[in-house]
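Have a look at the structure below, then the notes.
The values are calculated or read from the model by the stated rules, or taken from the named source; none is laboratory data. If you're wondering where the values come from, they're calculated on a predicted model, not measured in any experiment. No Cβ is skipped: glycine too gets one built from the backbone with ideal geometry, and neighbour counts run over all protein chains shown. Side chains are part of the model used for accessible areas, which takes the heavy atoms of the whole protein and leaves out ligands, DNA and RNA. Shrake-Rupley method; radii C 1.70, N 1.55, O 1.52, S 1.80 Å.
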Amino acid sequence: MRIGLCTPCYNEQVHYDYMLSVMAVDRMAAKAGHELKTYIAAGTAILPRVRNCLVAHAMADKCDWIVCIDDDIGFNAEDFFKLFEHGVDI
């Protein structure tokens, strides 16, 4: 499975908790045989436009699942993968 993680990044920085979360997700994805592709766009306050652009890139790369998480959100890697267990779009 190819997972696209899309992150708008307003001020060209990501928060510490976000980065730790992404690193944990990347490790879990590798162990499970999944490919995590990250997409980050920096420097704009028009979040809907940025998210649409990031999703377009992920779709062009044929990602099976696309998740948008902002750069100031820390999350649990196990919870990230629980989203896919349900087999439905959110």
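Quick notes on this structure:
- Values of log10 I(q)/I(0), in the order q = 0.15, 0.17, 0.19, 0.23 Å⁻¹, for the stretch 1-52 under a Debye, Cα-only, solvent-free model: -0.46, -0.58, -0.69, -0.88
- Solvent-accessible surface ranking, highest first, for Thr38, Thr44, Thr7 at 1.4 angstrom: Thr38, Thr44, Thr7
- On Cα atoms only, tilt of 47-60 relative to the major axis of the chain in degrees: 40
- Residues of the chain: accessible area per residue with a 1.4 Å probe, Å²: 64
- Positive-end ranking of Leu20, Ala77, Leu36 along the dipole of the chain, with charges on Cβ about the Cα centre, is headed by Leu36.
- Remark: C-alpha extents of the stretch 31-76 on the principal axes read 35, 27, 13 Å, sorted largest to smallest.
- Percent carbon-and-sulfur accessible area, the stretch 26-69, ignoring ligands, DNA and RNA, probe 1.4 Å: 56
- Basic side chains Lys and Arg get +1 at the Cβ, acidic Asp and Glu get -1 at the Cβ, and with that the dipole of the chain about its Cα centre reaches some 260 debye.
- Gap separating the Cα centres of the stretch 60-90 and the stretch 14-39, nearest whole Å: 10
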